[in-house]
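The structure appears right after this line, and notes come after that.
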């Protein structure tokens with residue numbers, strides 16, 4: 001019976017030499033491996049195109065920031081002398097008009113911190129105040145939105 005001896009097998013393997021590849025097989029392998037050895041894309045592109053990837057977005061961001069900063073500052077104009085003199089004199093209102101206009105009305109349901117439901121009636125109003133001062137020929141108009149929220153009981157049936 002043949003016994004397998006790993007040491008002897010290794011010794012025999014070391015003495016063996018591989019057969020040479022056929023020339024057409026070797027050329028085919030070299031041809032297929034050639035594209036894998038090409039330069040990476042970032043080495044083949046010019047350096048200025050790599051800089052454009054960063055410069056263009058940074059420039060756009062800088063222009064946007066400049067526009068926002070320019071238009072975000074409130075423009076302060078000096079008041080004319082007539083407006084200052086009128087501001088010093090007290091306003092003598094001879095006609096005052098107050099107008100309330102209902103814009104929207106709706107109901108909403110929410111939960112209290114303890115988990116109980118609660119119902120709200122919401123109303124959106126637009127308040128207009130018109131003040132006339134006939135002596136100075138001054139008319140002041142103030143318009144302001146207002147939200148009115150009234151909690152209601154929540155009945156379950």
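Readers should treat all values here as calculations from the given coordinates under stated rules, not as data from a laboratory. Predicted model only: the values in this text are computed from it and were never measured. Using ideal geometry, Cβ is built from the backbone for each residue, glycine included, and neighbour counts are taken over all protein chains shown.
Taking 0.36 nm per residue of separation and subtracting the current Cα-Cα distance, fully stretching the chain between residue 93 and residue 114 would add 2.5 nm. Between residue 138 and residue 71, the FRET efficiency from the beta-carbon distance, with R0 = 35 Å, is close to 0.65.
Under the simplified labelling scheme, the residue 52-residue 13 pair shows an inter-label distance of 5.6 nm, with each label point 7 Å from Cα along Cα→Cβ. Between residue 103 and residue 60, the simple label model (points 7 Å from Cα in the Cβ direction) yields a spacing of 3.6 nm.
Could you order the peptides 123-134, 53-64, 16-27 from most to least packed, using the average number of other C-beta atoms within 10 Å per residue?
Numbers: 123-134: 14.2, 53-64: 10.0, 16-27: 8.3.
Ranking the peptides 123-134, 53-64, 16-27 by packing returns 123-134, 53-64, 16-27.
For region 92-152, averaging the sequence separation of C-alpha pairs within contact (under 8 Å, six or more residues apart) and dividing by the residue count gives a relative contact order of 36 percent.
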